[in-house]
1. Considering only the range 3-15, I want to know if a residue exists there that is in contact (Cβ under 8 Å) with a residue 60 or more places away in the chain and on the phi > 0 side of the Ramachandran plot.
2. If I filter the range 29-45 for residues that are under 14 Å from F71 (Cβ atoms) and either touching a residue at least 24 places away in the same chain (Cβ under 8 Å) or not in a helix (DSSP H, G or I) (or both), do I get at least one hit?
3. Give the residue that is farthest from S26 (Cα to Cα), with candidates limited to residues of the range 41-71 that are of a type in the set (G, A, S) and surrounded by 18 or more Cβ atoms within 10 Å (Cβ to Cβ).
4. Would you check which residues across the range 12-28 are part of a helix (DSSP H, G or I) and crowded, with 18+ Cβ neighbours inside 10 Å and list them?
5. So the check is Cβ under 8 Å with 6+ separation or different chains; which pairs have a first residue in the range 83-111 that's more than 16 Å from F71 (Cα to Cα) and a second one that's among the hydroxyl-bearing types (S, T, Y) and surrounded by 12 or more Cβ atoms within 10 Å (Cβ to Cβ)?
Amino acid sequence: MAGSTAQVKRLLALNIKMLRKKWGFSQEKLAEVTSLSAQSISDIEGCRTWVSDKTLENLAKALDVDIFMLFMPPYEGTGSDSENLCNRLAKLRTAIKKDVDDRLDQFYVHELHIDTRKV
């Protein structure tokens, strides 16, 4: 994850597009179901805009997934859906932990002037 907003936007865009196609929705149809404009859907899928919490809720509901699934990295693997989900969640947990640790280290170094290598 590494904290990059661009990476998160790309992941969100990829998942929305993939799920939209899975359900057989055009951008226009997804826009209609979510009360967004087709341009908004295009901008989200093109990583040109960010989304509000309410928009995330609407997209997740329309695509029949929990919101967190919109941010899950794609997983190509064999095994049951529950195994795949567990593997993806484990990878996400690891990435989030690393991101939080990196941000805390940056905070300690930049804000508190503590060298974490000496701790």
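1. Kept after step one, since they are in contact (Cβ under 8 Å) with a residue 60 or more places away in the chain, are these residues of the range 3-15: 3, 8, 11, 14.
Next, from what is left, pick out any that are on the phi > 0 side of the Ramachandran plot: 3.
Within the range 3-15, one or more residues are in contact (Cβ under 8 Å) with a residue 60 or more places away in the chain and on the phi > 0 side of the Ramachandran plot.
2. Filtering the range 29-45 down to residues under 14 Å from F71 (Cβ atoms) leaves 44.
Now drop any that are not either touching a residue at least 24 places away in the same chain (Cβ under 8 Å) or not in a helix (DSSP H, G or I) (or both), which leaves 44.
Yes: the range 29-45 contains one or more residues that are under 14 Å from F71 (Cβ atoms) and either touching a residue at least 24 places away in the same chain (Cβ under 8 Å) or not in a helix (DSSP H, G or I) (or both).
3. Start the filter on the range 41-71 by keeping residues that are of a type in the set (G, A, S), which leaves 42, 46, 52, 60, 62.
Going one step further and asking which of them are surrounded by 18 or more Cβ atoms within 10 Å (Cβ to Cβ), we end up with 60, 62.
Numbers: A60: 16, A62: 12 Å.
The residue in question is A60.
4. Keep residues of the range 12-28 that are part of a helix (DSSP H, G or I), which gives 12-22, 27-28.
Of everything in the range 12-28, those that are part of a helix (DSSP H, G or I) and crowded, with 18+ Cβ neighbours inside 10 Å turn out to be L12, A13, N15, I16, L19, R20, Q27.
5. D105/T116; Y108/T116; V109/T116
The rows are residues; the columns are (1) at pLDDT 95 or above; (2) not aromatic (F, W, Y).
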| residue | (1), (2) |
| --- | --- |
| A6 | no, yes |
| L19 | no, yes |
| S26 | yes, yes |
| A31 | yes, yes |
| S40 | yes, yes |
| W50 | no, no |
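The values are calculated or read from the model by the stated rules, or taken from the named source; none is laboratory data. The model shown is predicted, which means the values in this text are computed figures rather than measured ones. No Cβ is skipped: glycine too gets one built from the backbone with ideal geometry, and neighbour counts run over all protein chains shown.
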